[in-house]
1. Can you tell me which residues in region 102-115 are touching a strand residue (DSSP E or B) at 6+ places or on another chain (Cβ under 8 Å) and part of a strand (DSSP E or B)?
2. Checking G158 against (1) within 18 Å of V55 (Cβ to Cβ); (2) surrounded by 16 or more Cβ atoms within 10 Å (Cβ to Cβ), only one condition comes out false. Which one?
3. If you go through region 130-177 one residue at a time, how many are touching a Phe, Trp or Tyr at 6+ places or on another chain (Cβ under 9 Å), under 24 Å from M91 (Cα atoms) and in a loop (DSSP other than H, G, I, E, B)?
4. Which of the residues that make up region 101-120 are under 18 Å from the mean Cα position of the chain (by Cα) and farther than 23 Å from L30 by Cα?
5. Between a first residue in region 77-89 that is in contact (Cβ under 8 Å) with a residue 60 or more places away in the chain and a second residue that is aromatic (F, W, Y) and assigned to a strand (DSSP E or B), which pairs have beta carbons less than 6 Å apart while being 6 or more apart in sequence or on different chains?
6. Just need a number here: residues in region 63-97 that are in contact with a strand residue (DSSP E or B) (Cβ under 9 Å, 6 or more places away or on another chain) and either in a loop (DSSP other than H, G, I, E, B) or surrounded by 14 or more Cβ atoms within 10 Å (Cβ to Cβ) (or both).
7. With respect to E37, is the statement that it is in a strand (DSSP E or B), over 15 Å from G158 (Cα atoms) and at pLDDT 85 or above true?
8. Report whether or not K118 is farther than 19 Å from R60 by Cα, touching a residue at least 60 places away in the same chain (Cβ under 8 Å) and in a strand (DSSP E or B).
Amino acid sequence: MKRRLPFTLAIGVCVGIACLAASSDDTNTLPIAKIAETGGVAVTNAGKGTTPSIVFVRTRSEALSGGKVIVAELVLVNPLDVPIRYYGYSMDSWQTRPPAGEIHPFCSRRVKEGEEWKDAVVGKCGTGAADMKVPPKNAGRFEVMIQLPGAVTRVGFGCLWTTADGKKVEQIIWSDDIQPE
């Protein structure tokens, strides 16, 4: 039995290291300047900020099941000197890996009805979800379908980070208003 314990322990350590190596801590983000090449000046400006932000880039229409949907293109920008974390789909979740710079956070939506903001249902499947991160001075693009008929919408999700002095910060970050087409 004593001979097997070191062997079993060695196998456990090797398997553990292999699992860590294969785990999805792959961020799939890019430096802010690289994302700003297609995301525009708003992404560049957010990169100079002091808190993470969601930057609205543009909307586009797409056909879906005989109808039309509006897709908002957004960017999560981390201008901090520390990584930020969010919950979303890992890069291991896809049969075909998303392009560099594309992330898939679990988002919430709010739709403006009159003067009030109402939560809008967003469907998600938890398979492949993980705690994901955006390294310091990096950003990631993502898309969200906007509810039709068109209404002013905000997109957001929770992020957390630890400051240089060890303070934990947890914050829901919302985009600016996204106007319907």
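1. Initially, region 102-115 is screened for residues touching a strand residue (DSSP E or B) at 6+ places or on another chain (Cβ under 8 Å), giving 102-112.
Hits for region 102-115 are E102, P105, S108, R109, R110, V111, K112.
2. Of the numbered conditions (1) within 18 Å of V55 (Cβ to Cβ); (2) surrounded by 16 or more Cβ atoms within 10 Å (Cβ to Cβ), the odd one out for G158 is (2).
3. 1
4. Pass one, region 101-120, residues under 18 Å from the mean Cα position of the chain (by Cα): 101-110.
Of everything in region 101-120, those that are under 18 Å from the mean Cα position of the chain (by Cα) and farther than 23 Å from L30 by Cα turn out to be S108, R109, R110.
5. V82/W161; I84/W161; Y86/F157
6. Residues that pass the stated criteria total 23.
7. In short, no.
8. Answer is no for this residue.
The values are calculated or read from the model by the stated rules, or taken from the named source; none is laboratory data. What you are looking at is a predicted structure, and each value in this text was computed from that prediction instead of being measured. Cβ: placed from backbone, ideal geometry, glycine included. Neighbour counts: every protein chain shown.
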